[in-house]
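The values are calculated or read from the model by the stated rules, or taken from the named source; none is laboratory data. Note that the coordinates shown come from a computational prediction; the quantities given were computed from them, not determined experimentally. Every residue, glycine as well, gets a Cβ built from its backbone with ideal geometry; the counts of neighbours run over all protein chains shown.
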Amino acid sequence: MSIKKISVLLSIWLLMFLVACSGETTEEQIHTHLEEAVKLEEDFENKQSEITQLELEEQEIYGQIIELGTEDINQIIELSKKAIEIIDERSALISKEKESVEASKNEFNKVEDLIPELDKETKESARKLVDVMGSRYNSYDNLYEAYTLSLELEEELYNMLQREDLEQEELTEHINRINDSYQQVLDANEEFNGYTVEYNNLKEAFYQEADINITYAEE
């Protein structure tokens, strides 16, 4: 095939592509970005169950450690090292989780440029959607930071437990810091979940206003 023919075919394909794109309404384009953002967070959902399982395994190890006495230091050291390995796994998973949320955020941000093309009523609905989702992404960043800090404090704890000269006062103080970090994680998670529920409600309302028919699966 000649270069000229290839050029003509490419031109025809490009023209067909542009026509196809121009045939999609702004509302439909927004719908595409919103649903793609959801799809990109699927890995986030999968990581949640894995992280929870590892948390349970670590709690079991910690329970075994606190039942041991100072004369069982070798066993404490062995168990503490296992706990640190689990913390490393959790850290890797939370990093992957954050990557999926960042990918979702990048996709969702494409909606912003399309809002000016909407009619007044739908535009207002879309802006509310964008504002709440922005708050949701920000709350996830807070959740990620709080969880990462708790992981660091937990690792420090297990390193401390391997010391034969560890004082009870030092241990108690560190455990209090961990408990405070846990509370920050719980608060950040509650805020994130709240924004998620609010966003889902706004998205459904937007689809109704934009006359986009979506069937929601019952949980």
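Values computed for the structure shown
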quantity: Count of the range 137-176 residues which are polar (S, T, N, Q) and outside any helix (DSSP H, G or I); calculated: 1
quantity: The range 204-219 residues that are surrounded by 10 or more Cβ atoms within 10 Å (Cβ to Cβ), paired with ones that are in a helix (DSSP H, G or I) and modelled with pLDDT under 85 (beta carbon under 7 Å, 6 or more apart); calculated: Glu209/Glu121
quantity: Out of Leu151, Leu68, Leu129, sole residue that is within 30 Å of Asn201 (Cβ to Cβ) and of a type in the set (A, V, I, L, M); calculated: Leu129
quantity: Residues satisfying the stated conditions in the range 100-120, i.e. in a helix (DSSP H, G or I) and either touching a residue at least 40 places away in the same chain (Cβ under 8 Å) or buried (at least 17 other Cβ atoms within 10 Å of the Cβ) (or both); calculated: Ser100, Val101, Ala103, Ser104, Lys105, Glu107, Phe108, Lys110, Val111, Leu114, Ile115, Glu117
